[in-house]
Each structure stands twice: as structure tokens, then as C-alpha cells.
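Q: So that we are looking at the same thing, I have put the structure below in C-alpha cells.
Throughout, read-outs are computed from the coordinates displayed, never taken from laboratory work. Please read all numbers here as calculations on a predicted model, not as lab measurements. In this analysis, Cβ positions are derived from the backbone assuming ideal geometry, glycine residues included, and neighbour counts consider all displayed protein chains.
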Amino acid sequence: MSEQLNSMLERAVHHSPGPRVTGEEMLAAGRARVRRRRAVGAGSAIGAFALAGVVWVGLGGGSLGPPQVSPASLSWEVDDGQTLTVLDHTTEGGLSSVVVSHSPAGPTATLVVDGREESVVGQSASFGATEFVSSEVTVLVWDQPASADAADVVPMQDGFGETGPVQEDDDLWYAVLAESGPPPQDLLFHDSRSVWTASGQIADTRVVADGPVEKRVFWLEGLGLAGVLDDGLTTLDPGWSVVGDQPRPWWRGGGSVEWVLARLPEEATRARLVSTAPGQHVSGEPIVDTVALGDSTYALAARGYSEVGEGSQYAPDLQWSVDGESWRDREAGTVDPAGLGGVDLHRSGADVWASRDGRRLQEIPDVGDGLWAWRDVDDDVVLVSDATETQSTADLQPIVRWVSLDDSPVSVAPQLVTDEGGLELADDMLPALKVDLDGEELVGAVMVDPLADEPTVQVLGGEPSDPALPHLGGVQVSAAAGIEHWAVWTDAETPVVVDGPGLRATQTDDDMWSLVARLPEGATDPVLVPADESMTVQQPLGEVTESGGVRWWSLPLQAPGRPDLREVVDGLDTDGDGTADLPVTEMETP
């Protein structure tokens, strides 16, 4: 199929005129700081029609510009008496009925609010609508321009409001407004390409685009009003954005592309795609030019295709720059170059690497499969895990070896984390940390989820032990294949890590202790060695379990009146020489 035909088909899908909308659909939808929309295309029906040999290229629906509208053209005029039911359902503001009558002598309305009936005489507003102002609400009625897809009241109100066609006369439209809101000043109309007002103002418009996504922004200088036309009209205050998914035509493979459009300061010349994930990760691509309009600039960036209705865990966002070197977020806050926000992840086949401002970071090796670490420009370490299946309540925590201590123990060290969040790789958002090691050695990481139905700790860097380890001696043990360090935990909030073969003692009650050991490779059946040689211990004690090629030993032990179990137990003999080669060196009390 030729590129020309492809282009025409895409225009047919993305620029086809929309249907007449209902009152509910015309509720002001653009008042949140960041809004997620689902762009609606005509889809395969138009595509099939085009393939049959007829291509609609979007010349209708306002292609000749907005009509010339004057307030007089919107006035509700009648030759004979007319009575209409404007509304017969209860609105958010308690209005349950509006019946308007118009005779040659003038318009009147009967309004029922919270069960109370009130008659109101209509007045002609400066912008042409007939206005009924009661003690509770304001109702507007006007003759809707035939070329307009929808209408809204200016200034737009937060909260209660309703707009739509009158039930008995589609040419007439109404708006119900909260009496406590600002008084209406004008009516705003739009079709798929133009925006204009009842008072005759016509908005300037520009097209912003990135790849297959193209949106039209507008600026009404007289009202200081800006926004975007995207399956309706959405207003944008300075620093606000709108996000959405645009269907990809079926002849392009289907699916959808996710996009973000933002209103940026006038001095912004470029924008780059980021994520709303914690840490404000910058995805690196694309970097787009801005489009100037009115007192602002606008930028649109799109990212990878996904299945319709799905997408990344976090919405896309934009940062902007004057010079392409220093970057700011949408509300002009400076992006910290030393945090996670400036790190980009890249993948080529099985190779994953990180960069900051285009500079590749130095990798720290030997942290395990699905776990990456890089030395950042400020000498801190960026730690990233491929634990994409972990619940959203789980936290990534580093494991360090304390080389500053003589015996070099390892432990989970959340106190060394200086920043945390998510970094995006393809369509996945991966948990990430910024760690200030201060001379210690990073050896791994765990995922800790104390909020799960059953609290969990997952040792990262290898496949979890198979079969999964049961509760050993009253505590839970977590290990991974090929990884020397392993975790012992009881409440999932404070896992304790042991490095390699070792014996761990955890007090589970006043008099009860749990002993768990990871046995050395080739160890004989373990024998418990008492601290006092005069003590007699009946052997064998404890239970041996095997998982993932590693043997584990566990024993619940009662030792009343012994706050330090080393007064009772010296350790385990695993080589048959009668002495403890796995001493009780790790201890924890509640």
C-alpha cells in the first residue's frame, strides 16, 4: 500500500467528524491538573470504507472555519407561544425540573429546586442567551449554532453544572449553573477544528504533533482561555497537561499509542517525555520542539504502542527546556540532575545499560540476574531491579557488605538510600534506588512487602529457591538460586540477611528461639554443639530441608532464662570434627 494512501487513511480515522454529543458528555471535563482521556477513532469501519475506493480526507466539520456568530443569532425567538421542558431529572445541585415558556410578551421559567417551586422572568444576556436567575441556580437557554459540536459557559465552573440540548427541541440548548458561581460572561462553541464564542471572538489555533499523534490547540486572547480539541474541548491552565491513548489503525498493526500534551511557558523551546512515576524518571526519548501560541508554548510527545486500553503503569509527562541542557518540570520546578530524574534506561537484546544526559554510566558487576547497578556521576549508585511482578506495595532495599567493620557482615541497609522511585524500560516501570554507599560494598537487594496479605521478602538476583522454603523453626527464610546471601524474617519489615553458610538465631518468644542454618556444600548431617562441654545433647536434633540444591537445618529451641542463646549453644558441627564450624554469630531479640 502506498505511503500516500496510508496517510489518507490515517486522516480518515483521526479526523472524521464526531457525532452530536449529549448533555452529560458536555460536562466540563478539563479541570484536573493531569487528565487521562481515551481518544476515539472511527476505527475499522472507516478503514474498510476507504479501502473500497472512497477516502474522506477530513474537509468537513469546520474545515471552512467557524461561522460568523453574533449574540442576536443565539436569541430564542418565537412567533407564537412555546412551552418546553428543559430538564426533568434531579441534578447535582438539587434542581429537578425546569419548564420554560416563551410568548411574544417574553420568557418565563418555572424551576423546582429541592422540592421548592419558583417562577423566574427571563432576561436577555449580553452574549445572546436567555437567562433565568433564581435564588438557587441560573439557567441559560439559547439557539445552538448548527455547525457547533458542543457548547460551554465561560467562565467555566468547578463542581455543579450541566449543559446539553433541550429535550423537546434539539436546536435549543441549556445550561444549569450553581447560583454561587461566577456569573456567565459568554458561550464557547467548537467543532473538530475551530473554537469561537457567542460574542463573536474566534480562537487562534495551531497543530502540535509527534509521529502519528496530532492535536489542535487554541487560544482566545479576549478571554485568556487556552486548551486543546481532542474528542471534545479541554481547557488548559499554564503548566497543565492532558494525556490519552490514540488507537493505531488496523492496517498499521492495531493497538494504541500513549501521548501527553502540555501548556508550557513562553520561553520553552523543547520538551522531553518523562513519567509520573516517583522520581520523575526521564525516558530520554523523544525530545520535541514546542509550538508557540498566544502567551504560551505547547508540546506533544508520544510513546510506544501498546494494546488498546493498556499501557505503562505510570502516565507520561513532559519536562521543558530553554537551551536543551537544563530541564524543568511543567510547573517550572528545576529538575535535580543528581537524582533519579535524569537517568535513562536502555535495552539492546539482553544488554541493559543506564545513562545520564547521554553519558553511559559505569556498571557495577556481579549483583545477580535481573538486578543492575551503575556508578552515577556523583559517585552514588543507581540500583534497578527487574522485579516487575512484585506488588505495588513492595519496596526495593539494598544489601551491603560493611567493609568498614572487621568481620564484614552483610545486611539490608535502607538508611543508605538517598532517592527512590521508578525507571522506565520499554513498557515496564522498574523499581529503582539511589544509594550513597560511603565506602561500603553493594552485594544485592531484596523486595520487602509488609502490606501483602501474607508479608513477603524476595531475595533478588536469581530465581527463588524451588521448592519454596517453608517456615523453618518458626521463622520465614527467603533465598535465590546462585545467590550467597539469604534473608530471615518474621514480620517482613526488618529482614536480616546472612552471607553464605551460617547459623542464625532468632528469639520468637520469651523462652523460645528459632535456629536456622544454611549448610555448607558437602556438609555431613549437622550436630548441635553445646556451649558447655559438660552438657549432654541427644542427637540428632533439628530438621534438614533441601531447596534449589542447598541444604537447610532448623530447630525451635526452648531456653528459659537465657537472653543470650550463646550461653547454651556454641553452634553446629557440619564436618564431623566435634567442634562448631557454624557458630551462632547472628542473633536477634524481639
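Q: Could you tell me what % of all Cα pairs in segment 462-589 have separations over 18 Å?
A: Value for segment 462-589: 50 percent of Cα pairs lie more than 18 Å apart.
Q: Over the Cα atoms of segment 340-445, what radius of gyration and what Dmax do you get, in Å?
A: Computed over the Cα atoms of segment 340-445, radius of gyration and Dmax are 13.5, 44 Å.
Q: So if each residue of separation counts as 0.36 nm, and I subtract the Cα-Cα distance between Ala350 and Gln558, what length gain in nm does that give?
A: Roughly 69.8 nm would be gained on extension.
Q: Let me ask something else about it. Write down the percent of antiparallel bridges among all DSSP beta bridges whose residues are both part of segment 462-589, to the nearest 5.
A: Of those bridges, close to 90 percent are antiparallel.
Q: Using the Kirkwood formula over every pair of different C-alpha atoms, what hydrodynamic radius in Å results for segment 169-256?
A: When all Cα pairs of segment 169-256 are included, the Kirkwood radius is 15.5 Å.
Q: Starting from the amide H of Gly548, placed 1.01 Å from N in the peptide plane, find each other amide H under 5 Å away whose residue is 5 or more places distant or on another chain.
A: Asp466
Q: Work out Dmax and Rg for segment 82-188 from the C-alpha atoms and quote the Rg first, both in angstrom.
A: Final numbers for Rg and Dmax: 12.7, 37 Å.
Q: Once Lys and Arg get +1 and Asp and Glu get -1 on their Cβ, which of Ala226, Ser192, Val112 lies farthest toward the positive end of the dipole of segment 95-235?
A: Ala226
Q: What number results when the radius of gyration of segment 498-561, computed over Cα atoms, is divided by 2.2 N^0.38 Å?
A: Against the empirical 2.2 N^0.38 Å value, I get 1.19 for segment 498-561.
Q: Now for a separate question. If R0 is 35 Å, what FRET efficiency do you get for Arg566 and Asp366 from their C-beta distance, rounded to 0.05?
A: For Arg566 and Asp366, the calculated efficiency is 0.60.
Q: Also, I was wondering about something else. With +1 on each Lys and Arg Cβ and -1 on each Asp and Glu Cβ, how big is the dipole of segment 87-199 about its Cα centre, in debye rounded to the nearest 20?
A: It works out to roughly 260 debye.
Q: What is the magnitude of the charge dipole of segment 462-589 about its Cα centre, with +1 placed on the Cβ of each Lys and Arg, -1 on the Cβ of each Asp and Glu, and no other charges, expressed in debye to the nearest 20?
A: 160 debye
Q: For a protection proxy built on the mean count of beta-carbon atoms within 10 angstrom, sort 462-475, 557-570, 410-423 highest first, please.
A: Listed from highest to lowest mean packing, they are 410-423, 462-475, 557-570.
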